[in-house]
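What follows is a set of notes on a single structure, which appears directly below.
The values are calculated or read from the model by the stated rules, or taken from the named source; none is laboratory data. Since we're looking at a predicted model, the values are computed, not measured. Positions of Cβ are generated from backbone atoms using ideal geometry, with glycine treated the same way; all protein chains shown enter the neighbour counts.
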There are 2 protein chains.
Amino acid sequence: MKLCQILLVCLVYSSALSDVPYKELYFEQTVDHFNPLSYGEKKFKQRYLLQDQWFDVVDRGPILFYTGNELPITTFWNNTGFMFDIAPQFGALVVFAEHRFYGKSLPFGDDSFKGNNIGLLTIEQALADYSLLINSIKQRYNAGKSAVITFGGSYGGMLSAYMRFKYPNLVDGAIAASAPMYLLSNVIDPSQFFVRVTADFKQSNTNCSANIRKAFNIMDGMAKSGDTGLNMLSEKFMLCSKLNETGYNHMVRWITNAFVSLAMFNYPYPTNFLSGLPAFPVNKSCGFMVNTDDLLKGLAQITAMFYNGTNGKLPCFDIWEEYVECADPSGCGLGPDSIAWDIQACSEIRMLFTTDGVQDMFLPIDYTAKMRNDYCKSKYGLVPRDKWASLNLWGFDVSPGSNILFSNGFKDPWAFAGVLHDLGPNLTSIIIHNGAHQLDLRGHNVNDPPDVIKARNLEISTIRQWINAVFPIKLR
Amino acid sequence: MKLCQILLVCLVYSSALSDVPYKELYFEQTVDHFNPLSYGEKKFKQRYLLQDQWFDVVDRGPILFYTGNELPITTFWNNTGFMFDIAPQFGALVVFAEHRFYGKSLPFGDDSFKGNNIGLLTIEQALADYSLLINSIKQRYNAGKSAVITFGGSYGGMLSAYMRFKYPNLVDGAIAASAPMYLLSNVIDPSQFFVRVTADFKQSNTNCSANIRKAFNIMDGMAKSGDTGLNMLSEKFMLCSKLNETGYNHMVRWITNAFVSLAMFNYPYPTNFLSGLPAFPVNKSCGFMVNTDDLLKGLAQITAMFYNGTNGKLPCFDIWEEYVECADPSGCGLGPDSIAWDIQACSEIRMLFTTDGVQDMFLPIDYTAKMRNDYCKSKYGLVPRDKWASLNLWGFDVSPGSNILFSNGFKDPWAFAGVLHDLGPNLTSIIIHNGAHQLDLRGHNVNDPPDVIKARNLEISTIRQWINAVFPIKLR
């Protein structure tokens with residue numbers, strides 16, 4: 001078993017850090033699409049990655065276009081092997097476009113997050129970027145009649161669907177993997193996000209979520225007993241600095257954040273998406289929580305597994321360095337990309353996830369619209385525009401769309417806000433019962449469960465239909 | 001015959017200045033939908049007119065929503081009687097929304113056209129305004145499940161279609177009357193606009209367009225003969241000031257503008273849209289041009305008929321007052337609304353209409369993209385964004401749309417850029433062979449030609465289908 005795991009690690013790291021080379025290119029992108037005067041014709045360099053080795057321009061191969069989301073685009077290149085797996089059979093051009101304000105695509109360079117510049121970080125601007133980039137690539141490759149299929153996972157899946165919503169003149173079909181479409185509506189119960197995280201641990205082992213809840217409560221009792229308790233916790237969790245009360249509250253979120261990622265990236269083989277993780281990290285976590293007398297130690301081990309995955313074998317943990325609180329209770333990541341996501345959580349994407357310790361296994365943390373609004377206003381001067389986002393991006397009703405395939409891993413906590421039912425013949429939902437977050441977008445792997453293989457096959461046949469409707473695909 | 005015409009005048013003026021009363025209401029509209037920081041949450045008062053006397057809220061009557069275009073919304077209220085004619089049978093709520101920067105809907109009051117404020121005058125902002133307004137009206141009338149059908153003529157027809165393109169979550173069907181959709185593309189030949197104007201006069205009488213061309217050439221020869229010629233022209237055309245060379249060039253455009261309106265509003269009964277006009281003003285114009293020895297006098301009579309229609313019996317004409325040159329060679333109208341349209345012609349709507357005196361009957365006037373761009377840059381600091389508008393508003397390919405009915409009067413010069421063929425089962429084109437500009441949107445009239453009656457009947461049955469698909473219509 002150990003040997004097999006080691007072997008899997010090798011297999012996966014070579015595929016995770018994708019061995020498909022790319023051209024790193026930059027597009028002269030308009031800074032402001034919606035106001036012709038504010039920044040005039042000012043441009044910035046938008047990064048995109050491109051691979052044309054399979055592209056069959058003669059037979060009008062399609063363009064497979066990844067709508068980049070809230071990380072540097074290289075991360076998605078390294079974790080979306082499905083597109084490389086299918087590109088040869090379609091004779092496709094593969095493009096991964098970086099989202100403005102992430103990675104190297106900074107509209108104002110080092111000043112991008114200063115002052116009013118962040119007002120240009122909106123979904124609408126990002127979609128407009130992609131529309132101009134698609135058009136430019138079509139022109140450069142003389143591919144005006146090629147079909148364009150967008151791909152994306154998570155927020156990128158929302159963007160992929162939105163491209164088909166708003167630019168069906170440019171996009172012939174969209175794969176929206178693990179896209180929490182209904183975040184932009186009021187038809188979901190935001191408390192369900194952490195309930196879903198909890199369910200993953202409960203499903204691994206009935207005692208697991210119960211014991212994690214117990215561990216959280218033990219920890220909380222200890223913290224509230226005063227300095228001695230806080231000191232013991234600092235030691236138990238191998239923190240670099242001793243905890244005070246504020247630090248403790250932050251530590252709760254730091255731990256909770258680890259659980260979110262373990263559930264999202266609960267893949268059947270080791271991966272390296274946001275963090276280096278073993279195969280089935282939820283099972284591995286539950287291994288620390290059952291058949292043990294020291295539940296607190298288990299909780300610390302789980303947390304350490306996650307944060308060590310990111311940073312190697314750390315001598316101690318710096319909770320302020322490793323987790324930054326933001327407007328998204330599921331976490332915003334670290335560095336400039338986390339600021340960008342925080343801004344998006346403060347403008348159009350509504351994530352008011354709460355925990356109550358009853359439905360879910362976490363310590364109760366309240367989070368109201370008012371708390372978010374106060375935070376956003378004071379930090380960025382932003383007033384969230386939930387209604388606008390809902391109306392503009394069809395939050396309440398995505399059914400007028402067409403040629404969109406919504407796939408959701410049922411074990412992915414984000415599935416609570418996903419499209420889980422077919423909404424029409426050209427608006428299909430796929431449930432991957434054993435799937436975590438956007439597993440179907442990853443490259444094939446010997447450990448793939450059968451339902452993800454089935455999902456990918458349905459995706460391939462659907463994509464084939466979409467392309468054929470534009471131009472008959474050459475058999476290869 | 002004379003008596004009958006007089007009677008018609010009475011009939012039409014009472015219906016043209018619509019006798020349907022309205023509530024004049026104002027909506028707190030977001031100044032900038034696309035940048036949450038530039039103007040923050042600043043609002044302005046957007047005017048809309050509303051009539052709920054027919055609204056059947058119990059049986060979920062639909063909302064018939066006019067997407068206002070480049071004039072005060074009252075003008076459209078007074079010239080879109082079709083909506084009032086059909087509202088009772090549908091139990092509909094009727095709303096006419098004013099376009100930002102026109103009429104009383106000025107985002108910055110008297111400062112609206114100053115500095116960078118005009119950067120907020122875009123099609124995208126206008127559509128966003130309508131989306132929020134529709135949502136608000138639905139909430140206020142508890143009409144969340146009512147179907148919404150948009151209506152519009154000319155640029156308003158484009159907006160009506162765009163609402164269905166971009167907001168099918170809010171709009172269930174769209175009537176786009178005389179909408180020159182392909183202006184936002186490069187698939188049309190812009191010289192055809194004035195060719196179409198010419199054709200209307202030729203169709204009225206074969207000699208008519210030929211004689212108008214002759215008259216223009218006589219006039220041009222006279223103007224180029226020097227001061228004596230210019231003085232004679234000043235007298236012939238009853239100008240308030242004597243012409244110089246610059247004045248003459250402006251006069252050519254002033255006359256040409258009259259012909260555009262006569263062709264557009266060549267209705268079978270007297271009307272008062274932009275100008276008070278008799279029934280069949282093209283026929284009436286041609287009456288001045290055939291069986292006469294003095295072609296120049298005929299040209300002056302036609303021009304006078306148009307400008308007198310607007311201003312009553314004028315003692316003389318002020319060409320600078322009555323016609324303002326702008327980025328749209330077909331004319332921008334007068335006053336602040338004309339500035340707003342000029343700005344739109346300088347940003348997203350491309351009208352590079354030329355005349356050559358060969359295909360058309362006018363004096364040759366060149367108009368290149370460069371001339372437009374230089375004008376727009378120097379006057380407003382605007383660089384036209386043709387490509388962006390094309391991509392964002394599907395200029396090249398409107399076929400992904402659905403539930404849109406494009407109607408075009410074949411005698412309307414704007415039809416050269418209209419959708420003249422069905423593009424799918426839910427994307428229908430109606431040609432009204434004897435129709436001028438958006439005749440079908442006008443209220444019924446005893447002088448309506450049979451094909452406009454047929455067109456309206458098809459529109460009604462199509463609207464019925466769209467509404468029925470949302471909620472079964474109660475039989476009334």
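Considering only residues that are touching a residue at least 60 places away in the same chain (Cβ under 8 Å), part of a loop (DSSP other than H, G, I, E, B) and aliphatic (A, V, I, L, M), which ones fall in region A:48-66?
Scanning region A:48-66 gives a single hit, A:VAL57.
Give region A:48-68 a look and list any residue that's closer than 18 Å to A:ILE175 by Cα and β-branched (Val, Ile, Thr), or say none.
Scanning region A:48-68 gives A:ILE63, A:THR67.
Is it true that B:ALA126 is within 13 Å of another protein chain (Cβ to nearest Cβ), within 25 Å of B:SER407 (Cβ to Cβ) and touching a strand residue (DSSP E or B) at 6+ places or on another chain (Cβ under 7 Å)?
No.
Here are some conditions: (1) surrounded by 21 or more Cβ atoms within 10 Å (Cβ to Cβ); (2) away from chain B (no Cβ under 14 Å); (3) touching a residue at least 40 places away in the same chain (Cβ under 8 Å). A:GLY401 meets all but one. Which one does it not meet?
Of everything listed in (1) surrounded by 21 or more Cβ atoms within 10 Å (Cβ to Cβ); (2) away from chain B (no Cβ under 14 Å); (3) touching a residue at least 40 places away in the same chain (Cβ under 8 Å), A:GLY401 misses just condition (2).
Condition (residue is surrounded by fewer than 15 Cβ atoms within 10 Å (Cβ to Cβ) and either assigned to a helix (DSSP H, G or I) or not acidic (Asp, Glu) (or both)) applied to region A:337-353: is it met by at least one residue?
no
Are any of the residues in region A:295-308 over 21 Å from A:ALA210 (Cβ atoms), touching a residue at least 40 places away in the same chain (Cβ under 8 Å) and in contact with a helix residue (DSSP H, G or I) (Cβ under 8 Å, 6 or more places away or on another chain)?
Yes, region A:295-308 contains at least one residue that is over 21 Å from A:ALA210 (Cβ atoms), touching a residue at least 40 places away in the same chain (Cβ under 8 Å) and in contact with a helix residue (DSSP H, G or I) (Cβ under 8 Å, 6 or more places away or on another chain).
Here's the yes/no breakdown for (1) part of a helix (DSSP H, G or I); (2) of a type in the set (Lys, Arg); (3) surrounded by fewer than 19 Cβ atoms within 10 Å (Cβ to Cβ):
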residue: A:ASN217; (1), (2), (3): yes, no, yes
residue: A:GLY221; (1), (2), (3): yes, no, yes
residue: A:LEU233; (1), (2), (3): yes, no, no
residue: A:ILE302; (1), (2), (3): yes, no, no
residue: A:LEU314; (1), (2), (3): no, no, yes
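Spot the failing condition for A:TRP466; the list is (1) within 14 Å of chain B (Cβ to nearest Cβ); (2) in contact with a strand residue (DSSP E or B) (Cβ under 9 Å, 6 or more places away or on another chain); (3) in a loop (DSSP other than H, G, I, E, B), and only one is missed.
(3)
For region B:131-146, indicate whether the set of residues that are among the hydrophobic types (A, V, I, L, M, F, W, C), within 26 Å of B:GLY409 (Cα to Cα) and at pLDDT 95 or above is non-empty.
No, region B:131-146 contains no residue that is among the hydrophobic types (A, V, I, L, M, F, W, C), within 26 Å of B:GLY409 (Cα to Cα) and at pLDDT 95 or above.
Going by the conditions given, is B:MET238 touching a Phe, Trp or Tyr at 6+ places or on another chain (Cβ under 9 Å) and either more than 29 Å from B:ALA415 (Cβ to Cβ) or of a type in the set (Lys, Arg) (or both)?
Answer is yes for this residue.
Pick out the one residue from A:ALA126, A:ALA176 that is in contact (Cβ under 8 Å) with a residue 60 or more places away in the chain and either part of a helix (DSSP H, G or I) or more than 18 Å from A:ALA92 (Cα to Cα) (or both).
A:ALA176
Given A:LEU382, A:LEU391, which one is in a helix (DSSP H, G or I) and either crowded, with 19+ Cβ neighbours inside 10 Å or within 8 Å of chain B (Cβ to nearest Cβ) (or both)?
Step by step, each of A:LEU382, A:LEU391 is checked, and only A:LEU391 is in a helix (DSSP H, G or I) and either crowded, with 19+ Cβ neighbours inside 10 Å or within 8 Å of chain B (Cβ to nearest Cβ) (or both).
Considering only region A:149-166, state which residues are under 23 Å from A:ALA340 (Cα atoms) and among the β-branched types (Val, Ile, Thr).
Matches in region A:149-166: A:THR150 only.
What number of residues within region A:133-173 are part of a helix (DSSP H, G or I) and away from chain B (no Cβ under 12 Å)?
9
A quick yes/no check of all residues on (1) closer than 29 Å to B:PRO107 by Cβ; (2) under 15 Å from the mean Cα position of the chain (by Cα); (3) touching a residue at least 60 places away in the same chain (Cβ under 8 Å); (4) more than 14 Å from chain A (Cβ to nearest Cβ):
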| position | (1), (2), (3), (4) |
| --- | --- |
| B:TRP320 | yes, no, yes, yes |
| B:TYR323 | yes, no, yes, yes |
| B:ILE343 | yes, no, yes, no |
| B:ILE349 | yes, yes, yes, no |
| B:GLN359 | no, no, yes, yes |
| B:THR368 | no, no, no, yes |
| B:MET371 | no, no, no, yes |
| B:LYS377 | yes, no, no, no |
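Filter region B:107-123 down to the residues that are within 12 Å of another protein chain (Cβ to nearest Cβ) and not in a loop (DSSP other than H, G, I, E, B), then identify the one that is surrounded by the fewest Cβ atoms within 10 Å (Cβ to Cβ).
B:GLY115
Which number in (1) in contact (Cβ under 8 Å) with a residue 60 or more places away in the chain; (2) more than 25 Å from A:ILE349 (Cα to Cα) marks the one condition that A:GLU41 misses?
A:GLU41 satisfies every listed condition except (1).
Write out, first by first residue and then by second, each pair whose Cβ atoms fall under 7 Å of each other, whose residues are 6+ apart or on separate chains, and whose first residue, in region A:251-274, is at pLDDT below 95 while the second is of a type in the set (Ser, Thr, Tyr) and in a helix (DSSP H, G or I).
Cβ pairs passing all conditions: A:ASN272/A:TYR13; A:LEU274/A:SER261.
Out of all the residues in region B:266-277, is one or more in contact with a Pro (Cβ under 7 Å, 6 or more places away or on another chain), farther than 30 Å from B:VAL446 by Cβ and buried (at least 21 other Cβ atoms within 10 Å of the Cβ)?
There is no residue in region B:266-277 that is in contact with a Pro (Cβ under 7 Å, 6 or more places away or on another chain), farther than 30 Å from B:VAL446 by Cβ and buried (at least 21 other Cβ atoms within 10 Å of the Cβ).
Looking at region B:421-459 only, could you name the residues that are among the hydrophobic types (A, V, I, L, M, F, W, C), surrounded by 16 or more Cβ atoms within 10 Å (Cβ to Cβ) and closer than 23 Å to B:PHE273 by Cβ?
B:ILE430, B:ILE431, B:ILE432, B:ALA436, B:LEU439, B:LEU441, B:VAL452, B:ALA455 - these are the residues of region B:421-459 that are among the hydrophobic types (A, V, I, L, M, F, W, C), surrounded by 16 or more Cβ atoms within 10 Å (Cβ to Cβ) and closer than 23 Å to B:PHE273 by Cβ.
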